[in-house]
Each structure stands twice: as C-alpha cells, then as structure tokens.
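Peer 1: Sharing a structure below in structure tokens format, with a few things to ask.
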Amino acid sequence: MKKVKAMILAAGDGLRIRPLTQDLPKPMIPILGKPVMEYLVEILAQHGIEDIMVNVGYKHWRIENHFGNGRLWNVNIGYSYEGVYEYGEIVPRALGTAGGMRKIQDFGSFFDTTTIVLCGDALIDLDLTAAVLEHRHKKALASVVTLEVPRSAVVDYGVVETDDQGRVISFQEKPLPEHARSNLVSTGIYIFEPEVLQYIPPNTEFDIGSQLFPLLVEKGLPFYAQKHSFNWIDIGHVPGYWNVLQRVLQGELEQAHMPGTQVRPGVWVGLNTRIDWDNVKIEGPVYIDSGVCLEAGVEIIGPTWISWGSYICRNSKIIRSILFEYTHIPADMVFNETIVSPSYCVMHQSGETYYTGDDRCELRWSDARGR
C-alpha cells in the first residue's frame, strides 16, 4: 500500500477533564500507567505508519520528553508548537484542529500523501489499514470514521448525515437530540488527502468539525463517512476517564494488555509489592502496580487500578476506583467509584472535585471514614 502518514491532535488544554490535566496535557493522562497517546502511537506503528506529526501547546514538554523522536516505537515523530510570543514569553495558543494542520503544511509541507488524523484523547482498536483502503477505493478527498450512538448522546458529538452511498451531506456540531439529523457521530478519526489543506485558511483558528467539514459539504467535494466495527473509548471528561479504565480493566480493548503478573484470577501485580495476602480481600479485575502496600483488612473490588507507590492502610475499602501514583489512604476509609490522587479526589458520577488542604476535602475524607 502507498505510504501513509499520521497526525495526532494534542495541543488542547484539556479544561473539560480538570483536575486530571492540572499537570499533564490530556494525551499524557495514564491508562494502566501508560499515556493514552502511547496507545495511539503503537497502533499506528502496527499498521506500518512511520511518520507522525503531533501539534502541541499546553505543557508541550510533557509529550516531547516522553516520546522524543519516536525511536523507541520504531516511528518518526515531529512536533509543531502552537503559541505566540507575549511579554517576553512564548505562551500556547491553539489554532484549532484544522488550523494546526495548515500551520504544519505551510512550514514544511508534511502532508504530501494520505494522512490519518487522530485525536490524542481516545483509545481505539480500529483496523487503520482497512479504513485507508476504503478511503482510497471511494477516491475520497476526506473521510470521517463514524459510530452509531443513542440519540440522547448526540449532544456530545459531531453528527454526520450521509446519503445511500455514504457521502456526507451534512455535519452538525453537537446538536440537541431533537435537532440531530442522524445518530451517526464522528469519532475524531479522519483520513485526508493533501488537497484538503487548501480549504483551510492560513494563520487562522479553524476547526475540522465545525468549519472544515461543513465547507467540504458546501462545495460538494468527495467527502465520505465510514462505518466500522471497533472499540472507541473517548476520555472527554472525568466520568469518561473513569469509564475508560473500567472498560480497559474488563478487557474490552484488545490493544491494552494488562501489565504485571497475574497472581490470582483477575488480579495482576507489579514488582516489589507488599500485600498481606492472608488478610486482604481482592475481587478482580484489579491491577496493583509496583511498590504498592496493602495492609491487613484492606478490601479491593474491581475494576480498580492502584498505581505505583500507593499505600492503603488497614481496613480501608477501594471499590471500582482509580488511585494515582503515591496516593496514601488512611485506615478505615471507603472510596467508591472515585479517582484519587495525593492532591485531590474526584467523584465519578458528579465529577465533583475535592482538593487536599481544602476544608471540603477534609470533610469528604472524614465522611468516608468508617462507612
């Protein structure tokens, strides 16, 4: 197959998923100890895609320092920083999903062949090779990979309407359910030919979904939607991240292999853990990372991920939760469907956040004690 390139969209500031992005750009949020973007790099490499551009902005060094030039994944990774020089400092200023592509093209003409564009905040196991072959078979200028969702959920997505041949005839960005023309939504996976770039204005903030796609429809260009059977797990917001971990721990994404060693059915552990196995109760699926200590009386109910260096004191109970690295849980605590770090905890259902040192946080932890 003719060479294919890729771009990963990674310049956003991840406001919708705070506080998880207080110190990390969204593509670096960990899934079982590995950044979500690393899963994307791996699947691109598996399909023989070697040249990957990444647009960066917010805390860009986190991405650049982790991935470098891509050599560890047998790919070539380049970066395009989106920012401006203000008051003696360079500050990030995103150009939009399409504007970032045009900036790359104007700088070095990277997009000279069919290019897969992926959002850096979702896990997928799509057959990318099959998607490119379909794109080329239809002689498409642009393709968007879609999935069907319940009509009540369309408000969170870009909605795609097609004719009988799969050609896109309208694109709605996050419509109300009663206004949606279909329940087919964009997954943020696109395939473009280089000619698409001429429809993106230079030096302008421009979005793929809300601006470029309607323009392609208006001009009657060969723009198609694809339907494939695959897993697409979008982080998006805090409840979405919690759902991602639940689905990954339950083995829904074949690409996300459970790390560590399986010591009991549904229980995996990393190196150098200290666990009072005779006096703890663990119901999988549970992954316990290296350097974790579980004292007597601790109960862990999965799906749960406990990251490295965490310490859970006696008689505490962790239920369907996520503990980030070096989280200390005092004795007799109960956390149910919660994301916990050393500096904050987030309730899964409400998304409400409590910070260490905040009176509300102290109350939350006090309320948990002895449940």
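The values are calculated or read from the model by the stated rules, or taken from the named source; none is laboratory data. Everything quoted here is computed from the prediction, not taken from an experiment. So basically every Cβ, Gly included, is an ideal-geometry build from the backbone, and we count neighbours across all protein chains shown.
Peer 1: Could you please give the count of residues in the stretch 152-171 that are buried (at least 22 other Cβ atoms within 10 Å of the Cβ) and either under 24 Å from LEU95 (Cα atoms) or polar (S, T, N, Q) (or both)?
Peer 2: Result for the stretch 152-171: 5.
Peer 1: I'd like the full set of residues that are without any contact (Cβ under 8 Å) to a residue 60 or more places away in the chain and among the hydrophobic types (A, V, I, L, M, F, W, C), limited to the stretch 202-248.
Peer 2: Result: LEU215, VAL217.
Peer 1: If a residue has to be assigned to a strand (DSSP E or B), under 17 Å from ASN336 (Cβ atoms) and among the β-branched types (Val, Ile, Thr) to count, how many in the stretch 286-314 make the cut?
Peer 2: Keep residues of the stretch 286-314 that are assigned to a strand (DSSP E or B), which gives 286-288, 293-294, 299-301, 304-306, 311-312.
Narrowing the set further to residues that are under 17 Å from ASN336 (Cβ atoms) leaves 286, 299-301, 304-306, 312.
Right, trim to among the β-branched types (Val, Ile, Thr) and you get 286, 300-301, 304, 306, 312.
Total meeting the criteria: 6.
Peer 1: Would you mention how many residues in the stretch 81-123 are of a type in the set (Ser, Thr, Tyr), over 24 Å from LEU141 (Cα atoms) and under 24 Å from the mean Cα position of the chain (by Cα)?
Peer 2: Counting residues in the stretch 81-123 that are of a type in the set (Ser, Thr, Tyr), over 24 Å from LEU141 (Cα atoms) and under 24 Å from the mean Cα position of the chain (by Cα) gives 1.
Peer 1: Can you pull out every residue in the stretch 48-66 that is at pLDDT 95 or above and among the hydrophobic types (A, V, I, L, M, F, W, C)?
Peer 2: Within the stretch 48-66, ILE49, ILE52, MET53, VAL54 meet the criteria.
Peer 1: Another question about this same structure. Could you list all residues from the stretch 111-144 that are part of a strand (DSSP E or B), farther than 16 Å from PHE213 by Cβ and either free of Cβ contacts under 8 Å to residues at least 60 places away in the same chain or of a type in the set (Gly, Ala, Ser) (or both)?
Peer 2: Scanning the stretch 111-144 gives a single hit, ALA122.
Peer 1: Name the residue, out of ILE282, ILE300, that is under 15 Å from HIS328 (Cα atoms) and touching a Lys or Arg at 6+ places or on another chain (Cβ under 8 Å).
Peer 2: ILE300
Peer 1: Can you report the number of residues in the stretch 175-212 which are assigned to a loop (DSSP other than H, G, I, E, B) and farther than 17 Å from ALA225 by Cα? Working first, answer last.
Peer 2: Within the stretch 175-212, the subset assigned to a loop (DSSP other than H, G, I, E, B) is 175-176, 180-183, 193, 200-207.
With the extra rule that they be farther than 17 Å from ALA225 by Cα, the set shrinks to 175-176, 200-207.
Going through the stretch 175-212 one residue at a time, the tally reaches 10.
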